[in-house]
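Below is one structure; the comments refer to it alone.
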Amino acid sequence: MIYPCAKINLGLNVVARRPDGYHDLETVFYPIPLCDELDLMLVHEEFPGPNWRPVHLTMLGDEAVDCPADENLVVKAYYLLRKDFPSLPEVEFQLKKQIPSQAGLGGGSSDAAAAIRLINEHPRIQLGLSNEQMERYAAQLGADCAFFIQSKPAYATGIGDQLRVIDDIQDILKAYHLVVVKPDVAVSTREAYAAITPKKPLKNCLDVLRQPIETWRNDLTNDFEQSVFALHPELAAIKQKLYDNAAVFALMSGSGSSIFGIFRDNPEAIGELFPDCKTFVLDKS
């Protein structure tokens with residue numbers, strides 16, 4: 001059993017459009033204790049039938065999404081490894097979803113990275129891949145997938161796949177509490193990028209994070225907020241309500257639609273403030 005965690009973006013700046021159509025970013029990925037559960041079991045069928053497939057996926061949990069199994073990143077992770085390791089045995093994954101989808105929290109990417117780790121570390125498989133090798137596989141599945149192999153705070157550049165671990169950010173935030181608010185809003189990542197005009201920020205997000213946290217409100221930005229808030233003003237209202245209720249800092253994560261708030265004191269009655277949203281009060285940032 002493994003527990004793939006979610007992430008938030010402590011700043012997110014789209015700095016350039018690449019010749020391949022993707023975008024270069026500057027962001028800090030920060031893992032948070034909101035997790036799915038993923039387990040892997042070997043399947044033994046002496047006489048597989050005509051519908052036999054080498055990988056099976058069972059979805060559980062309140063956040064389970066009804067979609068074809070082959071579209072799930074956990075299944076894609078298995079087949080990606082199987083290209084280079086064709087002797088991989090038949091397996092079944094059981095995934096209990098607790099991280100909301102279309103939330104900017106990286107749940108699907110985290111599940112994919114966890115699948116790679118489970119396969120690599122299973123005592124009867126043991127591929128022997130290093131973290132760096134697993135990250136290279138994960139990066140083929142999504143721009144932020146590589147981060148979740150180690151799930152350590154990291155400064156990310158490129159399309160989000162060039163990572164530099166930054167240990168001191170946890171020391172900065174360990175005294176604070178984190179709230180995540182997920183409204184019933186789905187944001188199209190494609191549309192969010194389409195409305196962006198890439199530009200270098202006035203201050204790099206990593207430099208801002210090393211300033212006093214009281215300055216983050218003015219200096220730490222997410223470039224997606226302007227266009228996404230214009231389409232979904234309720235998200236801007238959630239951010240403002242977090243500030244109105246003593247958040248030291250609040251920001252949209254990724255391209256949305258989750259908004260997170262950082263608090264000095266343990267916030268109370270958050271669910272009552274946002275009755276139409278999913279809310280998560282996490283012990284410590």
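So, PHE85, is that one open to solvent by 20 Å² or more (accessible area, probe 1.4 Å) and aromatic (Phe, Trp, Tyr) or not? Taking the combined requirement at face value, the residue satisfies it. List, please: which pairs have Cβ atoms under 6 Å, are six or more places apart or on different chains, and start with a residue in the range 141-168 that is farther than 19 Å from GLY104 by Cβ and end with one that is open to solvent by less than 10 Å² (accessible area, probe 1.4 Å) and in a helix (DSSP H, G or I)? Listed by first residue and then by second, the contacts come to ILE149/ALA113; ILE149/MET134; ILE149/ALA138. Counting the residues of the range 107-140 that are within 12 Å of the chain's Cα centre (by Cα) and free of Cβ contacts under 8 Å to residues at least 12 places away in the same chain gives 0. The number of residues in the range 249-279 that are touching a residue at least 40 places away in the same chain (Cβ under 8 Å) and more than 20 Å from PHE29 (Cβ to Cβ) comes to 11. If you go through the range 128-164 and pick out every residue that is part of a strand (DSSP E or B) and of a type in the set (Ser, Thr, Tyr), you end up with 2. Within the range 8-47, the set of residues being in contact with a helix residue (DSSP H, G or I) (Cβ under 7 Å, 6 or more places away or on another chain) and not small (Gly, Ala, Ser) comprises LEU10, LEU12, ASN13, HIS23, GLU26, THR27, VAL28, PHE29, TYR30, ASP36, LEU38, LEU40. Elements of the type helices (runs of 4 or more DSSP H) sitting completely within the range 187-276 and holding at least 2 residues that are within 25 Å of SER101 (Cα to Cα): these cover 189-194, 224-231, 233-244, 270-273.
Here SER101 fulfils each of the conditions (1) assigned to a loop (DSSP other than H, G, I, E, B); (2) more than 28 Å from LEU231 (Cβ to Cβ); (3) free of Cβ contacts under 8 Å to residues at least 60 places away in the same chain; (4) open to solvent by 40 Å² or more (accessible area, probe 1.4 Å) apart from (2).
So, in the range 240-285, how many residues would count as being farther than 23 Å from GLN170 by Cα, open to solvent by 70 Å² or more (accessible area, probe 1.4 Å) and touching a strand residue (DSSP E or B) at 6+ places or on another chain (Cβ under 7 Å)? Total satisfying the criteria: 1. Limited to the range 196-225, what total is found for residues that are closer than 13 Å to LEU12 by Cβ and of a type in the set (S, T, N, Q)? Residues flagged as closer than 13 Å to LEU12 by Cβ and of a type in the set (S, T, N, Q) within the range 196-225 amount to 3.
Is it the case that some residue within the range 43-59 is at pLDDT 95 or above, within 21 Å of TYR137 (Cβ to Cβ) and open to solvent by less than 70 Å² (accessible area, probe 1.4 Å)? No; the residues of the range 43-59 include none that is at pLDDT 95 or above, within 21 Å of TYR137 (Cβ to Cβ) and open to solvent by less than 70 Å² (accessible area, probe 1.4 Å).
Within the option set VAL187, VAL180, VAL165, being open to solvent by less than 30 Å² (accessible area, probe 1.4 Å), among the β-branched types (Val, Ile, Thr) and under 26 Å from ARG17 (Cα atoms) holds for one residue only, VAL187.
Checking every residue in the range 112-122 against the condition of being more than 29 Å from PHE260 (Cβ to Cβ), in contact with a helix residue (DSSP H, G or I) (Cβ under 7 Å, 6 or more places away or on another chain), open to solvent by less than 60 Å² (accessible area, probe 1.4 Å) and in a helix (DSSP H, G or I) gives at least one match. Take the range 5-39 and flag every residue that is small (Gly, Ala, Ser) and not in a strand (DSSP E or B). Hit for the range 5-39 is GLY21, nothing else.
The values are calculated or read from the model by the stated rules, or taken from the named source; none is laboratory data. Model, not experiment: these values are computed from the prediction. All Cβ positions, glycine included, derive from the backbone under ideal geometry; neighbour counts span all protein chains shown. Note: areas computed on protein heavy atoms with side chains; ligands, DNA, RNA excluded. Shrake-Rupley method; radii C 1.70, N 1.55, O 1.52, S 1.80 Å.
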